[in-house]
């Protein structure tokens, strides 16, 4: 069974319409915490076999959950509120080449934070 601990490149698609919102790096620590960059967030994660889920300490009601398979994971994210925004995402372990290298995060100052949606 794969373990999520380590750095991952996460690419989001808020709305699950096939348009990439952006990418960011998320690091899962062995103590059940995680951090992200360049958009700075943190929270708690847990894994049961091939399912990983995490919440944000600084963003109310936002939850991500994924199926983990080796160096890849895919899942859904959304806000646990009535009418809350939902989306899809994929992630690859840091150091694993992306399928489309030209799809890169634009973490310029003032860029939309892809982990939070629109």
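Below, the figures for the structure above:
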| quantity | calculated |
| --- | --- |
| Subset of the stretch 55-91 [in a loop (DSSP other than H, G, I, E, B), touching a strand residue (DSSP E or B) at 6+ places or on another chain (Cβ under 9 Å) and free of Cβ contacts under 8 Å to residues at least 24 places away in the same chain] | 57, 58, 60, 61, 80, 84 |
| Matching residues in the stretch 73-93 - criterion: being farther than 18 Å from residue 18 by Cα and surrounded by 14 or more Cβ atoms within 10 Å (Cβ to Cβ) | 79, 93 |
| Residues that are part of a strand (DSSP E or B) and over 15 Å from residue 64 (Cβ atoms), drawn from the stretch 1-44 | 6, 7, 37 |
| Residue match in the stretch 8-25 (condition: farther than 19 Å from residue 112 by Cα and surrounded by fewer than 13 Cβ atoms within 10 Å (Cβ to Cβ)) | no |
| Failed item, numbered, when residue 28 is tested on (1) within 15 Å of the chain's Cα centre (by Cα); (2) free of Cβ contacts under 8 Å to residues at least 24 places away in the same chain | (2) |
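Values quoted throughout were computed directly from the atomic coordinates according to the rules given, and no laboratory measurement underlies them. Given the structure is predicted, the values throughout are model-derived calculations rather than measurements. In this analysis, Cβ positions are derived from the backbone assuming ideal geometry, glycine residues included, and neighbour counts consider all displayed protein chains.
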